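Visitor: Sharing a structure, written as structure tokens. Questions coming.
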Amino acid sequence: MNRKVSVTAFQRAGLNAADSLVKAAIASLTRVIPACYAPDRTGAMGRFLAIIWVVALWGTVASAQDGATTAGTRREAFTEDEKAIAEDEEATPEPSKEEDLPPQLRAPPMKGLQLPSAPPPEASDDFEQEFEEEDFDETALDEDDDADMAAGDAKLLGEAEPPAADPTLASWTNPRPVFSLNGYFRVRGDYDDNFALGRAPLDRLVVDPFGRWVQIDNGPTTGQPVLPAGGCSGEPSSAPDAQTQRCGGSAVTRFANMRLRLQPTLSLSDNVRVHMMVDAFDNLVLGSTPEVKSVNQFGQVTGRAPGVPVDSLTRTSPPPESFRNTVGDALLVRRAWGEVTNSTIGQVRFGRMGHQWGMGMLWNAGEGTNILGTQLDADLQSEIDRIQLIGKFKGIFFGVSWDFANKGYIADPVADIQAIARDASSLDDTRQWSFLVARRLDPLAREKRLRRGKWVVNGGAYFIYRTQFLSTSTAPLLTTPEVIEASFVRRDAKVYMPDGWFQALWKDLRLEFEFAGIFGQIQNISPAGFPPTAEDGKYKLRQWGFAFESEYRTVGKKLGVFLKGGAASGDPDVVGLSQYENLAAQPVGKKTISTFSFHPNYEVDLIFFRQIMGAVAGAYYLAPAISYDIIRSDFGRVFAARLDFIYSRAMYQQQSYSSEPNLGAEIDISVYYRTENGPQFTDGFFVAGQFGVLFPLNGLRYLEVDGLTEPGAGTASIRRALTMRLVMGIQF
């Protein structure tokens, strides 16, 4: 029998139900809020779910309290009428609106679902006393809580982070999406003035590094400016005067180039990944492929493009095609390698991958060792073909690899388009193995120690052993077997390359040092043939170099003070310091090769070592710098200015171009801005303007003997070099 219930009864039942919800919610709140900050809740996801639970329960409490009128009414018990209402509703449930729907369209049943509920209240709980925020003691939190919260955020960001070339920097545990894409796009403009320093090319230098920068209209081969058809000055003439109508020549180089770098990662799981690096338009000079330009393997093809009578009327820039309108490729696949990780055994890497160690002084994967500290301005890099096994035990990395440094002549028959290339001989192979041991704290552990004011020490040793018996380096790619057989040369080389790296961090101070050497012996250093000078004792390799960097941040990390320095061993029996000269050539009777060269991507300046010499070799340098961040945020946004001063000096004055040790003094100024548009700290738009001036010192002048300048020097004096650069890019 149904009974009628008054409106007051319904209100009283609702108030009592709300009272129960309030009690349960407050009881849960008093337990969940401290639990959010408990030391055992270190996972970011667990903390996130706990906070969501708190917010949901708090909303329930607020809603229930708004419906209540007085505290006395909320404490009334259920009456017999209210119980009857509940029994009546249980006996006659409301018909479902989905009864007439087919089964596949009905809503899923709720039976059996275990929904989260608040724990039952205890007798000692005092629900009259509300939770006060002031009662919560934040000082009781562990000092590592902030770092633990950051650990979760860093873990999420690490899922999309591009892989590191240095295996001790690579993440082994972070899950990644099935496919991720990283990389950058950049455009750089250069205005280079007088990089030849006013020097004329000299015959005594087999490859003059300064002659590379003599503009072609200045006639580097003839020694006088060009005489174009029609003349360069005065009235145009079919027979221009060679004396009066030559071009004036220019010492300025103006150009811009671009690069799009893509670094995709395919992840089959957290432990199995495939990485790639692809460059499109790699350092393509803007405007270098107009439609009127067409070349093939035999040289320039004369004529005109259809619809374009002269190059002044060009209408488009077709894509670069090798041996058609350029000698390079529009697309370069630089790296492709796989990674398989086992938390117990370690990680195996196989394929062609980046080669990086320490600061990048000797092995550099092109990851931003320059004044701007960004890979957007990197040029060159190291790749290596290897199979590598890396293990980790108590924070110490151990690694060994079998490398394929040089397989000699490769048989790749052109006649068979489906033929698979193979190694033509094992006698001309360069065999290489590497070993490493290193200690490097992961970023989160490092930040914890730095926050506590403790030192962080990282470092390690890397060793490469290399052997080669014969060489076929001069054999043409497409030739006959007879020519290949005649190209075999005895090399008989054993090379040992140790590389040590050390890093110390304390608060806002960074100290870093790297020392490397190349030691061993080689019977014959001639690329082709076996000259008589190779018959006696073997050539000895005695090369060494070191680099150090220090950085200190103050004024809220906005002011940076830097000091860099380094040295590369030289050779008193050799003249020359650039990468474009044969620094291994020895005079008769000398057999010690001792000129060490830094990796060309380890850049310490803008002009002298980076552009003119190509790398630090046979010299030492000291480079103090200072920077100030006008705008700096914790998410990567920065607007800053930097001033660098670089002094360079030859290790042996006999090796310089004038037998004087002092080489140059350079001042570089940089102003740069970066936005905060991506998950990584360096993601976003980047733009920089740079100005540099090199003052050549006595070591870069012409050679003088008894007051007489060497032949071919002319009367021009050595002048300063200047550069202005614009770098724009987007990193993602």
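FYI, it's all coordinate maths here, none of it is from the lab. As the structure is a computational prediction, the values presented were derived from the model and not from experiment. Neighbour counts run over all protein chains shown; Cβ positions are idealised from the backbone, glycine included.
Visitor: Percent of Cα-Cα pairs more than 21 Å apart in region 277-397, please. Present the calculation step by step, with values, prior to reporting the outcome.
Guide: Details: 4359 of 7260 pairs.
Cα-Cα pairs in region 277-397 separated by more than 21 Å: 60 percent.
Visitor: Once every Cα of region 419-516 carries one equal point scatterer and solvent is ignored, give the base-10 log of I(q)/I(0) from the Debye formula at q = 0.23 Å⁻¹, two decimals.
Guide: -1.13
Visitor: Mind ranking 564-570, 615-621 by how tightly packed they are, going by the mean number of other C-beta atoms within 10 angstrom, highest first? Please report the intermediate quantities before stating the final value.
Guide: On the way: 564-570: 21.4, 615-621: 25.0.
Ranking the peptides 564-570, 615-621 by packing returns 615-621, 564-570.
Visitor: Moving to a separate point now. Take the Cβ-Cβ distance between residue 348 and residue 233 as r, set R0 to 60 Å, and report the resulting FRET efficiency rounded to the nearest 0.05. If you can, show how the numbers build up before the last one.
Guide: Details: r = 67 Å, r/R0 = 1.12.
Calculated transfer efficiency: 0.35.
Visitor: I need the calculated FRET efficiency for the pair residue 704 and residue 203, taking r as the beta carbon distance and R₀ as 22 Å, to the nearest 0.05.
Guide: Details: r = 17 Å, r/R0 = 0.77.
In this case the efficiency is close to 0.85.
Visitor: Follow-up question, since we're still on this one. Exactly which GluC sites (Glu not before Pro) in region 523-620 are in a DSSP loop and have at most 13 other Cβ atoms within 10 Å?
Guide: Numbers: sites: 535, 549, 551, 581, 603; in loops: 535, 581, 603.
Counting only loop positions with at most 13 other Cβ atoms within 10 Å, the GluC sites (Glu not before Pro) in region 523-620 are 535.
Visitor: Follow-up question, since we're still on this one. Semi-axes of the equivalent ellipsoid for region 503-558, please: Cα gyration tensor eigenvalues, times 5, square-rooted, ordered largest first, whole Å.
Guide: Details: eigenvalues 444, 21, 7 Å².
Ellipsoid half-lengths, sorted descending, are 47, 10, 6 Å.
Visitor: Hey, for a label at residue 422 modelled as a point 7 Å past Cα toward Cβ, could you say which residues of region 469-490 have their backbone N under 17 Å away?
Guide: Answer for region 469-490: 481.
Visitor: Net charge around residue 693, counting only other residues with Cβ within less than 13 Å of its Cβ (Lys, Arg = +1; Asp, Glu = -1)? Before the final figure, lay out the partial values.
Guide: On the way: positive: 719, 720, 725; negative: 192, 193, 605, 644, 666, 668.
Local net charge: -3.
Visitor: Taking Cα atoms of region 506-610, Rg/Rh with Kirkwood Rh, to two decimals? Working shown, then result.
Guide: Values: Rg = 19.0 Å, Rh = 16.5 Å.
We get a ratio of 1.15 for region 506-610.
Visitor: Mind listing P(r) for region 654-723? All alpha-carbon pairs, 5 Å bins, whole percents.
Guide: 4, 13, 15, 15, 11, 9, 7, 7, 7, 5, 4, 2, 1
Visitor: Can you compute the FRET efficiency between residue 507 and residue 485 using 1/(1 + (r/R0)^6), with r the Cβ-Cβ distance and R0 = 60 Å? Round to the nearest 0.05. Can you show the working numbers first?
Guide: Working: r = 64 Å, r/R0 = 1.07.
Efficiency, from the Cβ-Cβ distance: 0.40.
Visitor: If a/c stays under 1.5 just call it rounded; otherwise compare a/b with b/c (prolate if a/b is bigger, oblate if not). Do that for region 356-427, with a ≥ b ≥ c from the square roots of the Cα gyration tensor eigenvalues. If you can, show how the numbers build up before the last one.
Guide: Working: a/c = 3.22, a/b = 1.56, b/c = 2.06.
In terms of gyration-tensor shape, oblate.
Visitor: Along its principal axes, what span do the Cα atoms of region 607-732 show, with the longest given first and each in whole Å?
Guide: 63, 26, 23
Visitor: Rounding to the nearest 20 debye, state how big the charge dipole of region 594-732 is about its Cα centre with +1 on each Lys and Arg Cβ and -1 on each Asp and Glu Cβ. Intermediate values should be presented prior to the final figure.
Guide: Numbers: 10 positive and 13 negative charges, 48 e Å.
That gives region 594-732 a dipole magnitude of about 220 debye.
Visitor: So, one more: Please work out the C-alpha center-to-center distance from region 406-447 to region 264-279 and express it in whole Å.
Guide: 19
Visitor: Another question, then. Quote to one decimal, in nm, the extra length available between residue 457 and residue 179 on full extension: 0.36 nm per residue of separation minus the C-alpha distance between them.
Guide: Values: separation 278, 0.36 × 278 = 100.08 nm, distance 3.46 nm.
Between residue 457 and residue 179, full extension yields an extra 96.6 nm.
Visitor: State which entries of 394/507; 448/557; 507/564; 407/494; 448/564; 494/564 exceed 22 angstrom in Cα-Cα distance in the structure shown. Each step should come with its number before you reach the end.
Guide: Working: 394/507 24 Å; 448/557 18 Å; 507/564 19 Å; 407/494 16 Å; 448/564 27 Å; 494/564 33 Å.
From 394/507; 448/557; 507/564; 407/494; 448/564; 494/564, over 22 Å: 394/507; 448/564; 494/564.
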